[in-house]
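Student: First, the structure itself, so that you have it in front of you.
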Amino acid sequence: MTKTLISAAALALSAVVAGTTVQAAPAVKNVVLVHGGFVDGSGWQGVYNQLKTKGYNVTIVQNPTTSLADDVAFTKRAIAQQDGPVVLVGHSYGGVVVSEAGTDEKVKAVVYIAAFAPDQGESVASLIANPPPGASVPPILPPVDGFLALDKAKFAAAFAADVDAKTAAFMADSQVPWAVAALTGAVTNPAWKVKPSFYLVATDDHMIPPPAQRQMAKRAGATVVETKGSHAVYVSKPGVVAEIIEKAANAK
């Protein structure tokens, strides 16, 4: 017993001398990130870097945003590749995708980042049909060949007002066409009804009105965090986004 105690003390002293801090492993180590409409997975880089430094395995889904069925299939493929439980995270339209894909048995929690959190039978199209009075109107251009885009000149103000100008301009010029078929895809069995959910409200969002975010989060029974940020809060405040994902990973 004495030798055991001495050994433990020696290990603890060595850690202090080396200037290291031993952190407990997260309850769930696998994180799958799902982007929304008009953008691709590269916007998650800051969140990815934050989580990787904490020891998480992070996978970013490059869903094509061609239809809800296609995007769910891409996401489920990423979930299947994980070696254990998963925290599934969606931004914007990605919230619809994770609501549908999140019932997978590997998913232990679902996180919504300024995202749509639809109920059964709801889609982005139905959720935006009746915006709150005075809400900002996203600068969505008329569809071309069944795909949508945002007005590049208005992209920064609407989507990424707190992102540096060069990055916001790049996001506008590198838009991914968002299919109307994805916009109208309806959820069948929302994950938030059967899995713990977490929601980050971006209080300066001009794409999804903050009151609508709060209403969806409340309906989902989500653990809610609010932060001052644009719709691109996952780009502008990766630390805040990583923090709520960690909260979900360590929830009991």
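Student: When you scan region 136-146, do you find a residue that is assigned to a strand (DSSP E or B) and either in contact with a Phe, Trp or Tyr (Cβ under 8 Å, 6 or more places away or on another chain) or open to solvent by 50 Å² or more (accessible area, probe 1.4 Å) (or both), even just one?
Tutor: yes
Student: Also: Return the total of residues in region 105-124 being surrounded by fewer than 19 Cβ atoms within 10 Å (Cβ to Cβ) and either over 26 Å from P211 (Cα atoms) or within 16 Å of the chain's Cα centre (by Cα) (or both).
Tutor: So the count comes out to 2.
Student: OK, next. Out of (1) open to solvent by 20 Å² or more (accessible area, probe 1.4 Å); (2) modelled with pLDDT of 95 or more, what's the single condition that is false for K252?
Tutor: Unmet condition: (2).
Student: Taking only pairs six or more apart or across chains, which ones have beta-carbon atoms under 8 Å, a first residue in region 114-135 that is farther than 18 Å from P190 by Cα, and a second residue that is open to solvent by 50 Å² or more (accessible area, probe 1.4 Å)?
Tutor: Once the first residue is farther than 18 Å from P190 by Cα and sits in region 114-135, its partners that are open to solvent by 50 Å² or more (accessible area, probe 1.4 Å) give P131/V137; P132/P211; A135/P211.
Student: Report, ordered by the first and then the second residue, all pairs with beta carbons closer than 6 Å, sequence separation of six or more or different chains, a first member in region 233-252 that is within 16 Å of A115 (Cβ to Cβ), and a second member that is assigned to a loop (DSSP other than H, G, I, E, B) and charged (D, E, K, R).
Tutor: S236/D162
Student: Exactly one condition in (1) among the β-branched types (V, I, T); (2) within 17 Å of the chain's Cα centre (by Cα); (3) surrounded by fewer than 17 Cβ atoms within 10 Å (Cβ to Cβ) is not met by V224; state its number.
Tutor: (3)
Student: Of the residues V194, V241, V225, which single one is of a type outside the set (K, R) and closer than 21 Å to I60 by Cβ?
Tutor: V241
Student: Which of the residues belonging to region 23-54 are closer than 21 Å to N250 by Cβ, modelled with pLDDT of 95 or more and open to solvent by less than 50 Å² (accessible area, probe 1.4 Å)?
Tutor: Scanning region 23-54 gives N30, V31, V32, L33, V34, W44, G46, V47, L51.
Student: Then there is this: Does region 196-209 contain at least one residue that is part of a helix (DSSP H, G or I) and surrounded by fewer than 19 Cβ atoms within 10 Å (Cβ to Cβ)?
Tutor: Filtering region 196-209 down to residues part of a helix (DSSP H, G or I) leaves none.
Within region 196-209, none of the residues are part of a helix (DSSP H, G or I) and surrounded by fewer than 19 Cβ atoms within 10 Å (Cβ to Cβ).
Student: Do any residues in region 202-222 that are closer than 18 Å to E100 by Cα have Cβ atoms under 9 Å from those of residues that are among the basic types (K, R) and at pLDDT 95 or above, where the two are at least six apart or on different chains, and which pairs are they?
Tutor: A220/K193; G221/K193
Student: Still on this structure, I have one more. Could we say that V187 is open to solvent by less than 10 Å² (accessible area, probe 1.4 Å), out of contact with any Gly (no Cβ under 9 Å at 6 or more places or on another chain), farther than 22 Å from P133 by Cα and not small (G, A, S) here? First the steps, then the outcome.
Tutor: Values: open to solvent by less than 10 Å² (accessible area, probe 1.4 Å): yes; out of contact with any Gly (no Cβ under 9 Å at 6 or more places or on another chain): no; farther than 22 Å from P133 by Cα: yes; not small (G, A, S): yes.
Answer is no for this residue.
Student: If you go through region 74-84, how many residues are buried (at least 16 other Cβ atoms within 10 Å of the Cβ) and not hydroxyl-bearing (S, T, Y)?
Tutor: The initial filter retains those residues of region 74-84 that are buried (at least 16 other Cβ atoms within 10 Å of the Cβ), namely 74-76, 78-79, 82.
Next, only the ones that are not hydroxyl-bearing (S, T, Y) stay: 74, 76, 78-79, 82.
Residues meeting the conditions: 5.
The values are calculated or read from the model by the stated rules, or taken from the named source; none is laboratory data. Computed from a predicted model, the values in this text were never measured in an experiment. All Cβ positions, glycine included, derive from the backbone under ideal geometry; neighbour counts span all protein chains shown. In case anyone asks, the SASA skips ligands and DNA or RNA and just uses the protein heavy atoms, side chains included. Shrake-Rupley method; radii C 1.70, N 1.55, O 1.52, S 1.80 Å.
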